Amino acid sequence: MKKTVICLLLAALLSLTLLSCSQEQEEVFDLDLSGNSELNFDGLGLKVLISFFSGNSAVAGDNILGYPVGTGLAELATKRIADTEKSLNCKVNMDYREWGSFTSYFTGSLAAGSSPADFAFITSFDIYSYAKAGYLSGIASQLGDIIDYRDSDKWGTPNLLECACYKDDLYGILPAAWPDLIYSSFGYPLVVNEDLISIVGASDPRELYEQGVWNWSTFNDELEKCTVTEGGETVTYGLTAHSPYFAEMILASNGVGLTRVNGKPSMTCGFYNNPSYFSAAEEIQLIRFGDLAYTYYLAVEGDPVTVTDSFCNDMACYSFMPTKYIFGVYGDVSQKVENYAVVHTPVGPDVAPDHAAGIYDGMTCTIVFPSLTDNLNEAAIAVNEIFSPLPGYETHEQVIEYMRRNNFFDSRDCDAFLDILNNAMYNYFYSAGGDVRNIPSDLGRTNTPAAEILERHENLMKDHFDNAVGDMLAAYSMLFPEQFE
């Protein structure tokens, strides 16, 4: 009898011990997620592959995780890396590569059965093709216990994560808690040379917006005021732009988008069966080919970089351009234009006076996890720690206040900029292919009737929605269903 009692006591004690151990292990895993200093990776080396698409002459190694070398933010990023190495007992080895050679190295390694890095910090253009090929780890399905992708302040808002969706998962996150990085990755806000506006005697668009009259009609009047001819030669134009950017933004300014209907994501193309499309098409072609064509500086429209150079050289008062050319590592405007503004696109007749919209073809700084790494969880924990808020920028409000102080001449510009960003729509240019933008491109580059353009591309657009666009929207609707409500 005594033996039986002793055996039962030992069994109970063993059960309690096992339960205690199990509970302790769960607590340690919770600490893993928070980057607790007790974590120890035993000197593990984590390889980080870094490559951004610049579109201009910027050099890959001239930045520290997206910040220009020698800046205060670059110093904070460098210290954060060192602090992470210390707290996790690991080594973060950064491999900077030029964009032109990055893709072949990245895909070549994975196709050969080896991982090129434990995580990569790259431009999002090829995420769709990488995910389709099985080259990336799913963040929601594989790393959801470590990375809370729904924490928009840390990893990006749903509309900006749309470019990293595929079928049933998310394959990229954004460093949204850090200043500048996601804020210099979208397009194509209207930029204004305020000094030129003053010289030619035109109105400040900020004030027109505040008065509730910043619409197409007013904009057209301002383009005429800004176009100055001397001795039979035009010396200042109202507008210079890459025509597809211009057309997309005018469409968006009347509530028209590739995958948006009545402001909500849609599984059908938003250009069709939409009267607002025809209103926007008329405005686009009026400026490009109609009575206002003389206000549009066209000589450089085929090259966005050359358009930016022309704007910086005082050729035009207004321009639509990617924000990465305004400020950030590649920001020519902030470096060369003494007094610029960023304003809402003037609105069309089918939306409210305070309507805001932006377009983006990808996010310059995106974090992805290659599928073949042996250190997936460790990489995710390191990313969670590295890209936590930087000292002095612990809250979203502090990040915005930094932007307000450092990137804009007027606080109203910051408000407009954030409004545009928060309403930016993905145009699928790099995911589905360049011809997904054929409709706005044709509106901006040809004087073809708007209805004929729709008819010409109807089958192609259906194909895009049956394939790449549909694949990405399927994941977007599953991961962020509230966006479709």
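Here are some notes:
- Solvent-accessible surface of protein heavy atoms, probed at 1.4 angstrom with all chains present, puts M315, M425, M478, M249 in the order M478, M315, M425, M249, largest first.
- With both labels modelled 7 Å from their Cα along Cα-to-Cβ, the N422 to E233 distance reads 4.7 nm.
- Mean-position separation - Cα centroids, segment 290-340 and segment 399-440, in angstrom: 16
- Sum of -39500 (n - 2.57) over DSSP H runs of 4+, divided by residues of the chain (222 nm, nearest 500): -13500 deg cm²/dmol
- Measuring r between the beta carbons of D466 and D303 and using R0 = 30 Å, the FRET efficiency lands at 0.40.
- Inter-probe distance in nm under a simple model that places probes 7 Å from Cα toward Cβ, at A293 and D168: 5.3
- Applying 0.36 nm per residue to the separation of D83 and F278 and subtracting their alpha-carbon distance, the gain on full extension is 64.7 nm.
- In the context of the full protein assembly, E230 retains an accessible surface of approximately 110 Å², using a probe radius of 1.4 Å and ignoring ligands and nucleic acids.
- With the whole protein complex present, R456 retains an accessible surface near 120 Å², based on a 1.4 Å probe.
- Near-label residues of segment 287-323 by backbone N, under 17 Å of a point 7 Å along Cα→Cβ of T446: 288-290
- 3J(HN,Hα) couplings calculated from phi for segment 63-70 with the Karplus curve 6.51 cos²θ - 1.76 cosθ + 1.60 (θ = phi - 60°) are, in sequence order, 9, 10, 6, x, 9, x, 4, x Hz; Gly and Pro show x.
- Whole-number percent relative contact order across the chain, with pairs defined as alpha carbons under 8 Å at least 6 apart: 24
- Antiparallel %, DSSP beta bridges [both residues in the chain], to 5: 50
- Sum of side-chain charges, W214 neighbourhood, beta-carbon under 12 Å (Lys, Arg +1; Asp, Glu -1): -4
- Solvent exposure, largest accessible area first (probe 1.4 Å, DNA, RNA and ligands not counted), of R97, R150: R150, R97
- Apolar share of the accessible surface for segment 34-183: 47 percent from carbon plus sulfur atoms, 1.4 Å probe.
- The residues of the chain present an accessible area of 41 Å² per residue when probed at 1.4 Å with all protein chains retained.
- One Cα centroid belongs to segment 208-237, the other to segment 98-124; the line between them spans 46 Å.
- Non-local Lys pairs in the chain, i.e. 8 or more apart or on different chains, that have alpha carbons under 21 Å apart: 12
- With DNA, RNA and ligands ignored, accessible area of S217 (1.4 Å probe; Å², nearest 10): 80
- The residues packed around P346, meaning those with a beta-carbon under 10 Å from its beta-carbon, carry a net charge of -2 if Lys and Arg are +1 and Asp and Glu are -1.
- Amide H partners (placed H, <5 Å) of N254, local residues excluded: G348
The values are calculated or read from the model by the stated rules, or taken from the named source; none is laboratory data. Remember, predicted model here, so these are calculated numbers, not experimental data. Cβ coordinates were reconstructed from backbone atoms using ideal geometry, including for glycine residues, and neighbour counts include every protein chain displayed. The protein model used for the area step is the full one, side chains on, heavy atoms only, and it has no ligands, DNA or RNA in it. Shrake-Rupley method; radii C 1.70, N 1.55, O 1.52, S 1.80 Å.
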